[in-house]
Amino acid sequence: MTTRANILITGASSGLGAGMARLFAAKGRNLALCARRLDRLEALRDELLAINPAITVAIQPLDVNDYDRVFEVFQGFQRELGRLDRVIVNAGLGKGQPLGTGYFHANRQTAETNFVAALAQCEAAMEIFRAQNDGHLVMMSSMSAMRGMRKNINTYAATKAGVASLAEGLRMEMLGKPIKVSTIYPGYIRSEINEKVEKAPFMVDTETGCRALVAAIEKEPAKAYVPSWPWAPLGFAMRVLPLSLVRRMT
């Protein structure tokens with residue numbers, strides 16, 4: 001399998017994005033990292049270069065809801081590194097409230113960040129990959145995409161299902177071509193996006209989760225449930241069980 005030397009990660013200043021960046025740096029990969037918080041990106045860049053001084057770490061501030069800026073940053077990274085081999089669409093929000101409770105603004109922000117901004121990132125990545133006739137697009141979905149979810153994660157789950165569908169359609173288009181598309185379904189991995197969640201089934205720490213994510217991404221699968229145990233069998237169960245039973249699992 002081709003080694004992806006130059007990897008772009010959005011939402012890289014903290015959480016799973018930063019955790020994956022550390023592991024890829026240890027593997028000797030060059031990194032293009034973007035997020036809203038430049039100070040955190042600068043600190044992460046210094047940390048990564050201490051891990052592996054031989055790599056290149058390019059950083060740019062980016063709010064993925066600034067769609068024109070998404071294209072500018074991705075193209076700038078391509079020029080700086082010479083090419084982009086893998087793009088991990090990781091930036092996202094986890095906030096939300098039950099529908100009809102007066103928090104449309106919060107649900108709208110989650111929908112725009114997790115789906116419309118993800119679409120912009122896909123477009124920007126695929127423009128580059130089509131021109132190169134090569135590349136690996138990684139879409140970070142969620143186990144919550146398996147079924148519609150209730151209350152605070154209703155909108156979040158819907159956006160992650162949309163991301164998965166977007167990736168699958170693109171994967172269908174790229175069958176037999178040198179551009180690969182992977183959909184990753186993380187289970188409960190502790191990060192800043194869920195730090196206020198006190199109880200979640202099968203929660204793993206950030207480092208354990210990121211190691212599982214990187215291992216899955218490196219295999220370039222069509223789909224991966226991460227960590228595979230117990231989320232692969234649970235994912236099947238969530239898709240086929242009646243809603244009354246799925247409700248008890250969430």
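What's the magnitude of the charge dipole for region 60-165 around its Cα centre, counting Lys and Arg as +1 and Asp and Glu as -1 at the beta-carbon? Answer in Debye, nearest 20.
In debye, rounded to 20, region 60-165 gives about 600.
Which residues does a label at Lys95 reach in region 16-46, if reach means a backbone N under 17 Å from a point 7 Å past the Cα toward the Cβ?
36-37
What list of ³J(HN,Hα) couplings, whole Hz, do you get for region 117-129 from phi and the Karplus terms 6.51, -1.76, 1.60, once you set θ to phi - 60° and write x for glycine and proline?
Coupling constants for region 117-129: 5, 5, 4, 4, 5, 4, 4, 5, 5, 5, 4, 5, 5 Hz.
So with the 1.4 Å probe, I'd like the accessible area per residue for region 89-216, rounded to whole Å².
Heavy-atom accessible area per residue stands at 47 Å².
What angle, in degrees between 0 and 90 and rounded to the nearest 10, separates the Cα long axis of helix 38-51 from the longest principal axis of the Cα atoms of the chain?
Helix 38-51 and the main axis of the chain meet at about 70 degrees.
Can you give the relative contact order of region 1-142 as a percent, counting alpha carbon pairs under 8 Å and 6+ residues apart?
24 percent.
If you work out Cα extents along the principal axes in Å from the coordinates, which of (i) 59, 45, 32; (ii) 45, 39, 37; (iii) 52, 41, 33 do you get?
(iii)
Would you grab the residues whose amide H sits under 5 Å from the one on Ala32? Only those 5+ places off in sequence or on another chain, please, with H modelled 1.01 Å from N.
Ile7, Leu8, Ile9, Ala58
Pop the C-beta distance of Asp46 and Arg79 into the FRET formula with R0 = 30 Å and round what comes out to the nearest 0.05.
0.85
With a cut-off of 8 Å between alpha carbons and a minimum separation of six or more residues, what is the relative contact order of region 1-80 in percent?
27 percent
Which loop trypsin sites (Lys or Arg not before Pro) in region 74-147, with loop taken from DSSP, have no more than 10 other Cβ atoms within 10 angstrom of their Cβ?
Within region 74-147, no trypsin sites (Lys or Arg not before Pro) qualify (loop, at most 10 other Cβ atoms within 10 Å).
Tell me the angle of helix 67-81 to the major Cα principal axis of the chain, expressed in degrees between 0 and 90 and rounded to the nearest ten.
40 degrees
For region 92-98, just list the computed ³J(HN,Hα) in residue order, Karplus coefficients 6.51, -1.76 and 1.60, θ = phi - 60°, integers in Hz, with x standing in for Gly and Pro.
Karplus-based 3J(HN,Hα) across region 92-98 equals x, 10, x, 7, x, 9, x Hz.
So if we plug the beta-carbon distance of Phe104 and Leu175 into 1/(1 + (r/R0)^6) with R0 = 35 Å, what FRET efficiency do we get, rounded to 0.05?
0.35
Using only Cα atoms, locate the centre of region 129-157 and the centre of region 1-43, then give the distance between them in Å, rounded to an integer.
A separation of 19 Å, based on Cα centres.
Going toward the positive end of the dipole of the chain, with +1 on Lys and Arg Cβ and -1 on Asp and Glu Cβ, which of Met238, Leu166, Asn133 do you reach last?
Ranked along the dipole, the leading option is Met238.
Have a look at Ile7, Leu33, Leu119 and report the one farthest towards the positive end of the charge dipole of the chain, computed about the Cα centre with Cβ charges (Lys/Arg +1, Asp/Glu -1).
Toward the positive end, the furthest listed residue is Leu119.
Using the structure shown, list the pairs from Lys95/Lys223; Lys160/Lys223; Lys27/Lys95 with a Cα-Cα distance above 22 Å, or answer none.
Going by Cα-Cα distance, Lys95/Lys223; Lys27/Lys95 fall outside the 22 Å limit.
Given Cβ point charges of +1 (Lys, Arg) and -1 (Asp, Glu) and nothing else, what value in debye, to the nearest 20, does the dipole of the chain about its Cα centre take?
880 debye
For helix 154-173, report the angle its Cα long axis makes with the longest principal axis of the Cα atoms of the chain; keep it between 0 and 90° and round to the nearest 10°.
Here the helix axis deviates by roughly 50 degrees.
Could you derive backbone 3J(HN,Hα) for region 54-65 from the dihedral phi with the Karplus parameters 6.51, -1.76 and 1.60 (θ = phi - 60°), listing whole Hz in sequence and x where the residue is Gly or Pro?
Result, rounded to whole Hz: 7, 8, 9, 10, 9, 10, 8, x, 7, 9, 5, 7.
How high is the relative contact order of region 49-207? Use alpha-carbon pairs under 8 Å, at least six apart in sequence, and give a whole percent.
22 percent
Among the trypsin sites (Lys or Arg not before Pro) in region 25-66, which ones are in a DSSP loop with at most 16 other Cβ atoms within 10 Å of the Cβ? Mind listing them?
Lys27, Arg36, Arg37
Taking amide H positions as placed in the peptide plane 1.01 Å from N, state which residues far from Lys27 in sequence (5 or more) or on other chains have amide H under 5 Å from it.
Under 5 Å from the amide H of Lys27: no residue qualifies.
The values are calculated or read from the model by the stated rules, or taken from the named source; none is laboratory data. Note that this is a predicted model, so its numbers are computed, not measured. Positions of Cβ are backbone-derived with ideal geometry, glycine not excepted, and every protein chain shown enters the neighbour counts. Protein only, heavy atoms only, side chains kept; ligands, DNA and RNA dropped before computing areas. Shrake-Rupley method; radii C 1.70, N 1.55, O 1.52, S 1.80 Å.
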